[in-house]
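Data block below; observations after.
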Amino acid sequence: MGFTVRQTIKYEAETDPGFAPLIKEKRGCEKLEACIQCGTCSGVCPLSIYMDHTPRQVILLTRSGFRDEVLKSNTIWLCASCYECTVSCPKDIKITDIIYSLKQEAIRARAYPRGFPIPVLAKEFYKMVRGFGRTTESFLVVKLLLKTNILAGLKMWKLGLQLVKSGRFGFVPESIKNRGQLQQILERVGEGNGTNGGPKK
Amino acid sequence: MDNGDGKVRIGFYVCHCGTNIAGTVDVASVAKYAAGLPGVAVSRDYKYMCSDPGQDLIGEDIREHGLNRIVVAACSPCLHEATFRTATARAGLNPFFCHLVNIREHASWVHSDRAAATAKVYDLIRAACGRVRHHKALERKRVNVRPEVLVVGGGIAGIQAALTVAESGKKVYLVEREPTIGGHMAMFDKTFPTLDCAACILTPKMSQVKAHPNITLWTYSEVAAVEGFVGNFKVKVRRKPRYVNEEACVGCMECVDACIYKEPKFEDEFNQRLGKRKPVYMSFPQATPKVVQIDPETCLHFKTGKCKQPCIASCSRNAFDFNQEERFEDIDVGAIIVATGFKPFDPARSPKYGYGHFPNVYTSLEVERLVNSAGPTGGEVVMRDGRKPKSVGIVHCVGSRNLQTNRWCSKVCCMYSLKLAHLIKEHTHAEVYNFYIDMRTPGKGYEEFYNQLLEEGVHFIRGKVAEVTDWAMTPEEEGKLVMRVEDTLAGFVRRIPVDMVVLAVGLEPQADAQGVRRMFNISCSSEGFFLERHPKLAPVDTATDGVYLAGACQGPKDIPDSVAQAGAAAAQAMALIDKGYIEMEPNAAFIDSEECSGCKSCIPLCPYTAISFDEVTVKATINEALCKGCGTCVAACPSGSIKQNLFEDVEIFSEIEEVLANA
């Protein structure tokens, strides 16, 4: 028994002055700095009671350049995209969009725990849609389990079998026609970097 | 003054303005350049032209060199045009032969390239010297100013303004829409931060208004129309029928007791509909004027014509007049003080707080009536369900600081919420929670009051309440209103069960502010509050001369600020009327009636309603006193028959030709 005593002081050197400008540039994140820290977002959030930092704190930490704290926070992964915070924000801040941008940054920086499935799912889902224009759930689930927790996957063999039997899991990859056109669209809208891409010159 | 030879002799002066101009513009070379322009007899640069020696320089040169035109290249005409015109007039030259060129805001402050800025100044002064030769000697016209003042709105601001003007010996008309003066302040119980009883400090002033020989008080009346201009407004006041002769009634209330309705049955507006009144009623015991009135919407006589009218029988002074009709009074006044106040935010617009849905959710104004001993509960804080609350949550910023409703801070809510927290605790010993975003207590004794509240054990939670529900998640929450909020200082979400919720509603413009704005020809800020002429240096003036603002119609304000502003508005009005006349700027438009075809196209365009149509001559005429010299009519006139002093075609065209001469 005892207390774990550690320094909680933060030095300016630990902040990333480029972090807030980076996020602010992204689509929907323009009003990051309009936050008055009223806490409405946290109050209305159905999941904030499980978060290590409330949505309000995530906005504050982002704005102040505490990149590591934000990207390692479970908040961005717990967000269920219900948009209640965005709807309620008295300053019209698109908090859900900001959290999406933070997720992208966290994926880019691999700032989540090893084997944490949500970013892997996001990534695989995106890759599949980008490649085929559709998802094939059987392939997606297998990929996810292989990359995170194979053991847990093997334990679910019965469920998998039933899904195959009922026709929910197919073995033929699904695809749209003219996949090239989809890729052109995605390139046009500034795929991946989250900024307003605009037409390429 | 043309030295008899008819030649234009221009004196040119360029100001250094310290380094404001000289830092970016080569003033010495500007002076040298000007010396070579046609007609320039004297050309100088000087460190501060607006200083006394600078102004003297102009006078000396006029006398010594027989100058008949002056061009000063300095700052904005808004700042020093009057200075240099006066200096010119002092030396005996008509002040409108002096022209100011703005080379500070238009050149030195907005450019960094010295050579380019200097070249631009060359162009500007060439244009000025080109136009000034065509200037004419103009005279300022004098217009008499009437000594009466109209005050619109009888809240604390209007009362203070009316009393101040009346005390100076001037006649005041005070027009109030409601049956009594007193405004919102009359509804309050105590006032922050001193906890003075609102009625104790307000009602003596109300009586003073009623008794003052210089004040004509018209309640239950509205301004219906305003015509005229500064010093000479013609105002029509609509006096609504109260079916009681104000002069006869003494407010004995015998009629209220005698009314056919034995019990008060109808919603009492003054008590925020928390109490009941009869069809014949007085808003509150100290109502001023102390007369009753009849509400035709609820009076049995008006509804059915079958009432025995015991009210009439009970009145020993024969004050009832059921045939009274709306009537109009026409008055002439020199100045108008608009003090029409504010409207509290309607919290039904923020449904998450449950106002109108949960009976125990109140607005702050309703609670003011509950804690008031003259209120519907006699000062007992009891809820709509008859219980006394054991716990109360006060939500700050309701409707305020929110882009979805009103984006501004309403300024008074933090302080009145503290006051209500104190009063509720005092009346009920309940646990009181204040939910705030930022605690704003700037003001004399305000922060001390906050400290007092902290020491009284009132809870303060920094966070905007997300929702008020009656959905219990724990046994303690059963039967309560639950406030869900992030305690932002603690960093986690809390659920706080309370019996009663008080919504600290913000202040917003009156619902009819736009109509009032148009009637008095003033502007509104984007929020809809009336716009002052300058936010810092002309806070009670408006864009319309002779119309002044006082109180919360100009923006959210507490009582001390409203009273101070009312005093300022009264002083401004008095400064205008006491002089007895005003001098008009001569840059007004005028009509060459030979040319005018009487097409009337100018009339609706004039933003100052200065143009009227003379049915006899069939020509348009411009009221010089109203014309602000905006030039709209000049540009619009299809026959070119409207001209404007200082902006005649020859002046403008020569200015354009010269500014483009090097282009």
I'd like to know if region B:441-457 contains one or more residues that are closer than 23 Å to B:GLY399 by Cα and within 14 Å of another protein chain (Cβ to nearest Cβ). no
State the number of residues belonging to region A:74-83 that are crowded, with 20+ Cβ neighbours inside 10 Å and either within 14 Å of chain B (Cβ to nearest Cβ) or under 22 Å from A:PRO21 (Cβ atoms) (or both). 2
Consider only pairs whose beta carbons are under 7 Å apart and that are at least six residues apart or on different chains; among these, list those whose first residue lies in region B:358-382 and is within 21 Å of B:CYS397 (Cα to Cα) and whose second residue is of a type in the set (Lys, Arg) and surrounded by fewer than 22 Cβ atoms within 10 Å (Cβ to Cβ). B:PRO359/B:ARG384; B:ASN360/B:ARG384
Among (1) under 15 Å from the mean Cα position of the chain (by Cα); (2) more than 22 Å from B:LYS352 (Cβ to Cβ); (3) modelled with pLDDT of 95 or more, which single condition is A:TRP77 missing? (3)
Within region B:604-622, of all residues that are under 21 Å from B:ASP649 (Cα atoms) and out of contact with any Asp or Glu (no Cβ under 6 Å at 6 or more places or on another chain), the one surrounded by the fewest Cβ atoms within 10 Å (Cβ to Cβ) is B:LEU605
I'm trying to understand the selection: among the residues of region B:623-645, which are buried (at least 18 other Cβ atoms within 10 Å of the Cβ) and hydrophobic (A, V, I, L, M, F, W, C)? B:ALA625, B:LEU626, B:CYS627, B:CYS633, B:VAL634, B:CYS637, B:ILE642
Filtering region A:41-60 down to residues that are over 25 Å from B:ARG407 (Cβ atoms) and of a type in the set (A, V, I, L, M, F, W, C), which residue is nearest to the other protein chains (Cβ to nearest Cβ)? A:ILE49
Could you count how many residues in region B:396-440 are part of a helix (DSSP H, G or I) and touching a residue at least 24 places away in the same chain (Cβ under 8 Å)? 15
Tell me, which residue of region B:355-395 that is of a type in the set (S, T, N, Q) and assigned to a loop (DSSP other than H, G, I, E, B) is nearest to the other protein chains (Cβ to nearest Cβ)? B:ASN360
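Table: residues versus (1) under 39 Å from the mean Cα position of the chain (by Cα); (2) assigned to a helix (DSSP H, G or I).
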site: B:GLN55; (1), (2): yes, yes
site: B:ILE62; (1), (2): no, yes
site: B:THR83; (1), (2): yes, yes
site: B:LEU100; (1), (2): yes, no
Odd one out for A:ASP52, checked against (1) under 22 Å from B:TYR436 (Cβ atoms); (2) part of a loop (DSSP other than H, G, I, E, B): (1)
Looking at region B:619-635, which of its residues are assigned to a loop (DSSP other than H, G, I, E, B) and touching a strand residue (DSSP E or B) at 6+ places or on another chain (Cβ under 7 Å)? B:ASN623, B:GLU624, B:ALA625, B:LEU626, B:CYS627, B:GLY629, B:GLY631
Taking region B:561-611 on its own, how many of its residues are touching a residue at least 12 places away in the same chain (Cβ under 8 Å) and in a helix (DSSP H, G or I)? 18
Conditions (1) free of Cβ contacts under 8 Å to residues at least 60 places away in the same chain; (2) more than 10 Å from chain B (Cβ to nearest Cβ); (3) outside any loop (DSSP other than H, G, I, E, B); (4) more than 19 Å from B:ALA490 (Cβ to Cβ) -> A:GLU69 fails only (4)
If I filter region A:99-116 down to residues being among the small types (Gly, Ala, Ser) and assigned to a helix (DSSP H, G or I), which single residue comes out as nearest to A:CYS82 (Cα to Cα)? A:SER101
When you look at B:VAL72, is it touching a residue at least 12 places away in the same chain (Cβ under 8 Å), of a type outside the set (S, T, N, Q) and in a loop (DSSP other than H, G, I, E, B), yes or no? no
Among the listed residues B:THR203, B:THR216, identify the single one that is at pLDDT 95 or above, within 18 Å of B:VAL292 (Cβ to Cβ) and either aromatic (Phe, Trp, Tyr) or surrounded by fewer than 22 Cβ atoms within 10 Å (Cβ to Cβ) (or both). B:THR203
In region B:447-494, which residue that is hydroxyl-bearing (Ser, Thr, Tyr) and crowded, with 17+ Cβ neighbours inside 10 Å is nearest to the chain's Cα centre (by Cα)? B:TYR450
Can you find, within region A:19-40, the residue that is nearest to A:LEU71 (Cα to Cα) among those that are at the interface with chain B (Cβ under 8 Å from one of its Cβ atoms) and either crowded, with 24+ Cβ neighbours inside 10 Å or touching a residue at least 24 places away in the same chain (Cβ under 8 Å) (or both)? A:GLY39
Of the candidates B:ALA313, B:ALA287, the one satisfying the condition of being part of a helix (DSSP H, G or I) and out of contact with any Cys (no Cβ under 6 Å at 6 or more places or on another chain) is B:ALA313
Using the structure shown, decide if B:SER417 is under 23 Å from B:ARG349 (Cβ atoms), within 14 Å of chain A (Cβ to nearest Cβ) and of a type in the set (S, T, N, Q). no
For region B:144-197, the count of residues that are within 30 Å of B:LEU453 (Cα to Cα), part of a loop (DSSP other than H, G, I, E, B) and charged (D, E, K, R) equals 1
Test result for A:ASP92, in a loop (DSSP other than H, G, I, E, B), acidic (Asp, Glu), more than 23 Å from B:CYS397 (Cα to Cα) and within 14 Å of chain B (Cβ to nearest Cβ): no
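The values are calculated or read from the model by the stated rules, or taken from the named source; none is laboratory data. Given the structure is predicted, the values throughout are model-derived calculations rather than measurements. Cβ coordinates were reconstructed from backbone atoms using ideal geometry, including for glycine residues, and neighbour counts include every protein chain displayed.
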